[in-house]
Amino acid sequence: MALINMFDKYKLVKQKLIPYGFQENKDEFILKKLIKNGEFEFTIRIMKGNVTLQLVDTDFGDEFSLDRQGSFSAELNAECEKILLDLREKCFEKQWFIFSQANRLAKLINEKYGVIPEFLWDKTPDFGVFRNHQTKKWFGLVGNIAKNKITGDQTDEVEILNLNLKGRITEFNNKVGIYPAYHMNKKNWVSIILDDTLTDDDIMWLIDISFINSSK
């Protein structure tokens, strides 16, 4: 994987850059590191959340491509990767999904149940499953679809969360923001559009029900 792709599905926490060691220049943040015993200077630039990388030979001032092949290049890449992994851990947050509410809920699920989403399908790579560690049963599924597949109107892309409310489905019929399940058994499952119509707390309460069902 290219080094720059290490930041895919990660969100910058801007306020952490200066304490980490970056210098600010207008809208750009710059960090320079000497590697390979000072033979190369590795520069990381961040502007509007986008990361760019540059590696320069300090003796000649020439830029060295991070895409070169060979054992020497592999050593340089390994040093650069170590720096970037530390940066990613300390100044970025993992973003599993496309929209904000889906990512907030994924974080809350991980904090409460120690579960992260599993991405199981090549044809739908952004669909993530939450699975009960004990029973291996699903208790949630997040996926991005056209809104009209749920509501019958508008084709905007949305993310939905499918939850298992077996035994309590009738309680939620016609509730705002809760719909018959997309692509799953409608007798047991519902779909929630993650557009902040329902609060995170409201949805977590429903997630708790689904998790209990997955424990049986």
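For every residue, the table says whether it meets (1) touching a strand residue (DSSP E or B) at 6+ places or on another chain (Cβ under 9 Å); (2) outside the structural domain of ILE109 (by TED's automatic domain parsing); (3) surrounded by 14 or more Cβ atoms within 10 Å (Cβ to Cβ); (4) on the phi > 0 side of the Ramachandran plot.
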residue	(1), (2), (3), (4)
ASP122	no, no, no, no
ASN132	yes, no, yes, no
ILE145	yes, no, yes, no
ASP156	yes, no, no, no
ALA181	yes, no, yes, no
Within the stretch 135-149, identify whether any single residue is modelled with pLDDT under 95 and assigned to a helix (DSSP H, G or I), and answer yes or no. yes
Give me a count of the residues in the stretch 21-45 that are in contact (Cβ under 8 Å) with a residue 40 or more places away in the chain and either in contact with an Asp or Glu (Cβ under 9 Å, 6 or more places away or on another chain) or polar (S, T, N, Q) (or both). 4
Scanning the stretch 105-114 residue by residue, those out of contact with any Asp or Glu (no Cβ under 9 Å at 6 or more places or on another chain), touching a residue at least 24 places away in the same chain (Cβ under 8 Å) and either surrounded by fewer than 19 Cβ atoms within 10 Å (Cβ to Cβ) or hydroxyl-bearing (Ser, Thr, Tyr) (or both) turn out to be TYR113
Within the stretch 56-63, does at least one residue satisfy the condition of being surrounded by 14 or more Cβ atoms within 10 Å (Cβ to Cβ), modelled with pLDDT of 95 or more and either over 21 Å from ASP8 (Cα atoms) or assigned by TED's automatic domain parsing to the domain that holds LEU12 (or both)? yes
What number goes with the only condition from (1) part of a helix (DSSP H, G or I); (2) among the acidic types (Asp, Glu); (3) closer than 29 Å to ILE207 by Cα that GLU79 does not pass? (3)
Sort out which residues of the stretch 188-209 are closer than 18 Å to GLU159 by Cα, of a type outside the set (Val, Ile, Thr) and surrounded by 13 or more Cβ atoms within 10 Å (Cβ to Cβ), and write them in order of number. TRP189, SER191, LEU194, ASP195, ASP196, LEU198, ASP200, ASP202, MET204, LEU206
Restricting attention to the stretch 152-166, which residues are touching a helix residue (DSSP H, G or I) at 6+ places or on another chain (Cβ under 7 Å) and polar (S, T, N, Q)? GLN154, THR155, ASN164
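Output the residues belonging to the stretch 178-196 that are in a loop (DSSP other than H, G, I, E, B), in contact with a Phe, Trp or Tyr (Cβ under 8 Å, 6 or more places away or on another chain) and within 21 Å of ARG104 (Cα to Cα).
Matches in the stretch 178-196: LEU194, ASP195.
The values are calculated or read from the model by the stated rules, or taken from the named source; none is laboratory data. Note that the structure is predicted; figures quoted are calculated from it, not measured. Neighbour counts run over all protein chains shown; Cβ positions are idealised from the backbone, glycine included.
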